[in-house]
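Every number here is computed from the coordinates shown, using simple stated rules; none is lab data. Since the structure is predicted, the reported quantities are computational estimates derived from the model, not experimental observations. Don't worry about glycine lacking a Cβ; one is built from the backbone with ideal geometry, like all the others, and counts go over all protein chains shown.
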Amino acid sequence: MKSTLHDIVNTAVSSKLTCQQKLFNLANIAERLVDPEEVLGYSEKETEYIEKGMICDLNEGYAIYRPRYIVPDYMSFLKHGCKFLDIRPPEDLDELLDNLLIFYHHVPSITSFPVFIGPLDLMIDPFINDEKYDYIKIKRFLNHIDKTITDSFCHADIGPKATNAGKMILKAIVELENPTPNMTLRYDPDLTDPDFAQKAAAACLKVSKPSFSNEKMYRKEMGEHEIVSCYNALPSAGGAYTLPRLRLGTIAQGTSSLDELLNQRIPDVSETMLSMMDKRIKFLVEKSNFFESSFLVSEGFIKRENFTAMFGIVGLAEAVNHILYKEKKDEHFGMSSYGDDIAHKIMRKIQSIVNNHKGIYVERTNNRYLLHGQVGANLSHEDYSNTPAHRVPVGDEPSLPKHIKQAGQFHKYFESGTGDLFAFDQTYTDKPEAILDIINGAMDTGYRYITTYLENTDLIRVTGYLIKKSEAQKVADGKVVLRDTAIMGEGTNQNAKVFKRKIRR
Amino acid sequence: MQKYSKEKSDADCKAIVNKIIPFSNVDGPGNRLVVFFQGCNARCIYCHNPETMGYCQRCFKCIEVCPQKALSCLNGKVEHNESLCISCDACIRVCPHHASPRTKIMGVDELYEEIKAYSPYIRGVTVSGGEPLLNYNFVIKLFKKIKRESGLSCFVDTNGFFDKREMDKLIEITDKFMLDIKSVDKVRELCGIESKDSIDNLKYLLKQDKVFEVRTVIVDEMDAEATVSKVAFLLKDYQDVNYKLIRVHTTGLNESRKERIKHKIPNNEKMEQIRALALEKGAKKVECIL
């Protein structure tokens, strides 16, 4: 959405932002001050749909200067060093960790911080010599990341195989209890040692990470990929240009039937968003000079050919509930098999529209944009009525077993990622094997990504990223907090009541 | 004293199910689906789910007290409307027969369909209750079906008061048992029955490597030390078997039962002494549940 001059002064005088947050916000405001119709060639309709709230561009900006998500090839950095930064390949653990911290500083994204900091265990393991002292260094490294990359969309991967480094990382994240980095175990029951997987499941209960991604499924569909940002799966040595989203709840308002929603409203708004995406990508590739000037490209850490783009949705639940209401059914999405049928119809329709659209500069994903189940964000009052991705609104969830079955059936649509998270009570703390049974079942039934957490922890995953509840409460009380994601988490909390998720019994 | 069900054909074989918990981590290893059968041959004073003990005698007292009108009389039986039920437990509290109107009569196939729906997420099935072995023929048929059609393990959670001569087929098909050993000398006082079979049954099942876990509820002024010593001694040759020592509590008890228990709750020091005794007598994996 376009910004105003007023936004500039409001940001400058805010008592709730750190200087760095102000800097970033001012830059973002500047990007959105320009007229997208002038700079990007948006049509009036495209601008109108953003202003009406049916399409949300997540304030990505119109003077585009870098891709939304950048996924560098860190193994190449380890092997070759970096000329631009005058870094040679590391020879010991100290050099490795130091080099990485320097490199991270130069990996941009939509948040200005890196959304992917590498397959940490794979990078670190060859440099382990003395476990006792190396553990201290690894823990210090992880804490450094948390205090300098102040945005928990920053994501690290481990697995699928167990390593000493992986075990040390799991131990460290439990001791640190930091929101950043976000972390995923790329889980494959055929490759991941069950004991390691259980350790990861136990850690996830305590500190809400690592989550588990379906390594087999993503590898089959995308080939070489990494898990980045919230839970996105994106091509290695590449990334994603842009991610706008449809607010399906908003889109459904005013329709009087499923037929109207499927055959008129959805095609209209989807085509509009696709056209918008084409324009954004065109500008980024042809005009922004990012790919011409970035050392990340010239030294081969990323390649333009490995980029894709993401077509996001939120509010599937609200769209379904709207139709159920129109059809006078006393049922709600989450506990209605008829509601599930409606949801599938909506998703199949969107999928067909998106797959039939010839995307530009996305050769890596068969010239198509990829569907994405997007997490909520507090950018407009419309976000109060658009539950993240395909999820069941907080408070409407059925019991855990039914919920797990219900949610998993929609993961298949979202090739660039979606995820679900479930709260467990304290009885599971000593029973990681029970959690792993559930995770194995989830993977077998088509889950792409699953997180578990304890209801009583301070640290939880809020619709795809991590914050401390105590920090979020400070935002609510009007205090300045360290992390951007804490601010976002509080907003999401007010919208989606995410701190009141159902305990599973 | 309840009699065991006679052999029935598959189609006729039905059982009264009190509840199904699709995901449990406390009823055997891993994540398991647990079936709680109605009916028990014991009347333990500390039972925390006494509404599983008896069978409906059709006195209809529960119908009058349901605030949601979820209960009604149909064909001389109590009918429970699940969609109206808010699980307030008013019906259970008023029942004079330790029963519940929220039970369901199920056949083997029907119960298996429920299990199948959750099978990707569970490691196995545990039957409990009440006392599941009152329905041993049903359980045999159910386990046979589970093993034929899936790789799920089949566990039995039992009070140990059964005649092992009648249980050959069941023991054979069951993967593991979780067994209560309530007492060696005070069975009548604690459980309201005469049976002393449970220690013999434990020995028998141990020899067949069919015991996953033994539990004893620790109550002051009973024979906790004697019972724990006996069990721990038997377990010294079976070091993989878990022995859980569970402190008695009053949650879920009605007022008269609470009165009988509340002064017999062992303190932490006592529990630690009992645990030390179990280890001394030879058990290895001893856990106190406080």
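Legend: calculated FRET efficiency, residue A:275 to residue B:73, from the Cβ-Cβ distance at R0 = 60 Å, rounded to 0.05, equals 0.40. Note on residue A:338 and residue A:195: their simple-model spin labels are 5.3 nm apart, each label 7 Å out from Cα toward Cβ. With q set to 0.19, 0.21, 0.23, 0.25 Å⁻¹, the log10 of I(q)/I(0) for the stretch A:227-316, from the Debye formula over equal scatterers at the Cα positions, is -0.92, -1.02, -1.13, -1.23. Three principal axis extents describe the C-alpha atoms of the stretch A:289-361; from largest down they are 59, 21, 18 Å. Of the residues A:163, A:293, A:403, the one whose Cα sits farthest toward the positive end of the charge dipole of chain A, with +1 on the Cβ of Lys and Arg and -1 on the Cβ of Asp and Glu, is A:403. Principal axis extents of the Cα atoms in the stretch A:309-407, from largest to smallest and rounded to whole angstrom, are 45, 29, 29. For A:34, A:362, A:394, the sequence from fewest to most other C-beta atoms within 10 Å is A:34, A:394, A:362. Given in Å, the Rg to one decimal and the Dmax to the nearest whole number for the Cα atoms of chain A are 21.7, 68. In this rough spin-label picture, where each label sits 7 Å from Cα along the Cβ direction, the residue B:105-residue A:295 distance is 8.0 nm. Working note: Karplus 6.51/-1.76/1.60 with θ = phi - 60° gives the stretch A:344-360 the couplings 4, 4, 4, 5, 5, 5, 4, 4, 5, 5, 5, 6, 7, 8, 7, x, 10 Hz, where Gly and Pro are set to x. Residue B:280 sits among other residues whose Cβ lies under 14 Å from its own Cβ, and their net charge, with Lys and Arg +1 and Asp and Glu -1, is +3. The trypsin sites (Lys or Arg not before Pro) found in the stretch A:31-122 that occupy coil by DSSP, while having at most 14 further C-beta atoms within 10 Å, are A:83.
Each of B:38, B:142, A:89 was scored by the projection of its Cα onto the charge dipole of the protein assembly as shown, and the greatest displacement toward the positive side belongs to B:38; charges sit on the C-beta of Lys, Arg, Asp and Glu. On the basis of the beta-carbon distance and an R0 of 35 Å, residue A:131 and residue A:59 show a calculated FRET efficiency of 0.20.
If you take all other residues with their beta carbon under 13 Å from the beta carbon of residue A:104, and give Lys and Arg +1 and Asp and Glu -1, the sum is -2. For the residue pairs A:22/A:282; A:220/A:303; A:216/A:405, alpha carbon separations beyond 25 Å are given by A:22/A:282.
Is the shape of the stretch B:63-130 best called rounded, prolate or oblate, per the rule: a/c under 1.5 gives rounded, else a/b larger than b/c gives prolate, else oblate, with a ≥ b ≥ c the square roots of the Cα gyration tensor eigenvalues? Prolate shape, in that a/c is at least 1.5 and a/b is the bigger ratio. Taking amide H as placed 1.01 Å from N in the peptide plane, the amide H of residue B:246 sits under 5 Å from that of B:216, B:217, B:218, B:289, each at least 5 places away or on another chain. Charges were assigned to the Cβ only: +1 to each Lys and Arg, -1 to each Asp and Glu. The resulting dipole of chain A about its Cα centre is roughly 640 debye. The H on the amide N of residue A:308, modeled in the peptide plane, is under 5 Å from the matching H of A:239, A:240, A:241, each at least 5 residues off or on a different chain. Taking the Cα centre of chain B as reference, the dipole from Cβ charges on Lys and Arg (+1) and Asp and Glu (-1) amounts to some 120 debye. Residues whose amide H comes within less than 5 Å of that of residue A:234, counting only those at least five positions distant or on another chain, are A:226, A:228 (H built at 1.01 Å from N in the peptide plane).
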